[in-house]
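Quick notes on the structure that follows.
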Amino acid sequence: MSRARILVVEDDPTILLALAEKLESEGYDAARAADGEEARRRIEDEAFDLVVLDIMLPRLDGLALLRWLRRTGSRLPVLALSAKGLEEEKVEGLKAGADDYIAKPFGLKELLARVEALLRRAHGPATRLAIGGLTLDLERRALFRGEEEVPLSRKEADLLVYLARHRDRPVSRDEILDAVWGHFASSAERAVDFHVLRLRRKLEPDPSSPRHIVTRHGRGYQLVPSP
């Protein structure tokens, strides 16, 4: 499984570097953005598991970025950072869509603990997910039509569960190759498309016009469960 990828958004270059290096030292893949507009572009173009977001940012402030993110329907976890420690400002950040909030100055151990907690929550206890007329049991890694199990190969199950656990965003072929196949070999990209096609034949009422495993052009595949 690939390392959790975290986007750190902070306009103070010293703090930005320190946070990114600390997260890297703890085994995370840390990307950086120095303002809200850069962060928005990166979120649109890349895949992340969590955002560490300073509220006071140039160009596009953290609250505006949060509201934009939630309007898109994304459930990407966000840990908000702010020098403002007043209760009403913390509430404002949480209402805008932050999953957790920590006031500056803070200890790095506390920040890491909150990051770990948010990642556990995002990829926490398995649940059952409705996909069309079928049900995916993430804990058993099994797909059911009523009480009857739909046969899946190991790679099909791995791919479907990975898409399900990252259903808030498109997942690129490279990420799928790293997480499911364990490598980035370009020759294996066809294997991703082949397995997506096989899953669509099992999941979709009309595989030629998929509604649940959809292609986000230029970004990857995304699982869209039933409401």
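Data for the structure
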{"quantity": "Filter result (closer than 17 Å to Arg145 by Cβ and either surrounded by fewer than 17 Cβ atoms within 10 Å (Cβ to Cβ) or of a type in the set (Phe, Trp, Tyr) (or both)) within the range 205-227", "calculated": "Pro205, Asp206, Pro207, Arg211, Pro225, Ser226"}
{"quantity": "In the range 89-145, the residues that are in a loop (DSSP other than H, G, I, E, B), charged (D, E, K, R) and within 21 Å of Leu7 (Cα to Cα)", "calculated": "Asp99, Lys104"}
{"quantity": "Some residue of the range 208-223 being among the aromatic types (Phe, Trp, Tyr) and either at pLDDT below 85 or assigned to a strand (DSSP E or B) (or both)", "calculated": "yes"}
{"quantity": "Some residue of the range 67-75 being among the hydrophobic types (A, V, I, L, M, F, W, C) and either surrounded by fewer than 14 Cβ atoms within 10 Å (Cβ to Cβ) or under 16 Å from Leu94 (Cβ atoms) (or both)", "calculated": "yes"}
{"quantity": "So Gly62, is it surrounded by fewer than 19 Cβ atoms within 10 Å (Cβ to Cβ), at pLDDT below 95, farther than 20 Å from Glu175 by Cα and touching a strand residue (DSSP E or B) at 6+ places or on another chain (Cβ under 6 Å)", "calculated": "no"}
{"quantity": "Of residues in the range 113-129 being surrounded by fewer than 16 Cβ atoms within 10 Å (Cβ to Cβ) and touching a Leu at 6+ places or on another chain (Cβ under 8 Å), the one modelled with the lowest pLDDT", "calculated": "Ala126"}
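The values are calculated or read from the model by the stated rules, or taken from the named source; none is laboratory data. Quick caveat: nothing in here was measured; it's all calculated off a predicted structure. No Cβ is skipped: glycine too gets one built from the backbone with ideal geometry, and neighbour counts run over all protein chains shown.
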